[in-house]
1. Does residue 13 fit the bill of being among the charged types (D, E, K, R) and touching a Leu at 6+ places or on another chain (Cβ under 9 Å)?
2. Go through 56, 31, 44, 13 for me and flag whichever is outside the structural domain of residue 108 (by TED's automatic domain parsing) and modelled with pLDDT of 90 or more.
3. Taking the criterion of being under 15 Å from the mean Cα position of the chain (by Cα), of a type in the set (Phe, Trp, Tyr) and within 20 Å of residue 213 (Cβ to Cβ), would at least one residue in the stretch 42-60 satisfy it?
Amino acid sequence: MMLKPPLQGILFDFDGLILDTETPIFQAWQDKFQEHGKELLLEDWAEILGKSGKEDGPIEEFLRTINNEDEQQAILDEVSRTELDLVVKKKPLPGAEELIRKAKQKGLTLGIVSSSDQKWVHSHIKRLGLWDYFDHTSCAEEVDQAKPDPALYYLGLNKMNVSPEKVIVLEDSPNGVLAAKRAGLFCIAVPNALTRQLPFFSNGGTPDLILDSLQSFPWDEFMKE
């Protein structure tokens with residue numbers, strides 16, 4: 001879809017865009033694989049990156065090698081604790097807070113569209129002091145299929161009540177970009193240290209623009225009459 005400035009709304013991904021949760025989670029699982037003499041490759045992890053937490057991919061394959069169900073659960077619990085310990089030390093990615101605040105000052109409608117569940121997204125947004133800037137969130141449990149299915153973006157757009165050609169999506173992963181493009185939305189990719197290593201042009205979800213960071217957001221271009 002062609003964007004028609006001036007911009008009226010932004011739909012933000014959360015994981016890897018506002019807060020880099022993806023690198024710590026990947027590291028936690030990579031370490032656990034190594035403990036068991038296995039290797040977790042980024043190209044395998046990319047299968048589930050940006051998708052719902054229900055998409056287990058290489059984790060499910062790894063757990064199948066553990067015959068004891070109690071041990072499987074112990075691994076899941078341990079990795080979850082490690083993930084959280086690492087994530088809570090993280091600050092918002094460069095430019096995220098500034099962009100969110102400036103967008104709100106300009107009167108834009110702001111939403112979060114995430115393949116993570118509400119508890120995860122809401123708790124971190126509140127912890128970061130950004131909750132009051134957002135008008136709504138759309139999370140994994142609200143739809144039957146999370147990204148790369150477009151359902152979450154249809155939901156977010158419906159909650160936003162802004163014409164689609166006045167909205168942009170900010171995403172960090174190929175699966176997220178694909179979901180936004182399937183929903184017919186203008187999408188900017190802002191890869192982080194992890195997703196920068198992934199191909200953004202091989203799955204049919206080509207971003208309309210790629211930025212090095214949210215600090216480079218082109219306000220003058222998007223807000224002109």
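The values are calculated or read from the model by the stated rules, or taken from the named source; none is laboratory data. All figures in this text were calculated on a predicted structure; none of them were measured in a lab. All Cβ positions, even for glycine, are placed from backbone atoms using ideal geometry, and neighbour counts span all protein chains on display.
1. Against the criterion (among the charged types (D, E, K, R) and touching a Leu at 6+ places or on another chain (Cβ under 9 Å)), residue 13 qualifies.
2. On the way: 56 fails: modelled with pLDDT of 90 or more; 44 fails: modelled with pLDDT of 90 or more; 13 fails: outside the structural domain of residue 108 (by TED's automatic domain parsing).
Result: 31 is the single residue among 56, 31, 44, 13 that is outside the structural domain of residue 108 (by TED's automatic domain parsing) and modelled with pLDDT of 90 or more.
3. Checked the stretch 42-60: no residue is under 15 Å from the mean Cα position of the chain (by Cα), of a type in the set (Phe, Trp, Tyr) and within 20 Å of residue 213 (Cβ to Cβ).
One line per residue, one yes/no per condition, for (1) at pLDDT below 95; (2) under 26 Å from residue 41 (Cβ atoms); (3) surrounded by 15 or more Cβ atoms within 10 Å (Cβ to Cβ):
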| site | (1), (2), (3) |
| --- | --- |
| 107 | no, no, no |
| 126 | no, no, no |
| 129 | no, no, no |
| 138 | no, no, yes |
| 148 | yes, yes, yes |
| 153 | no, no, yes |
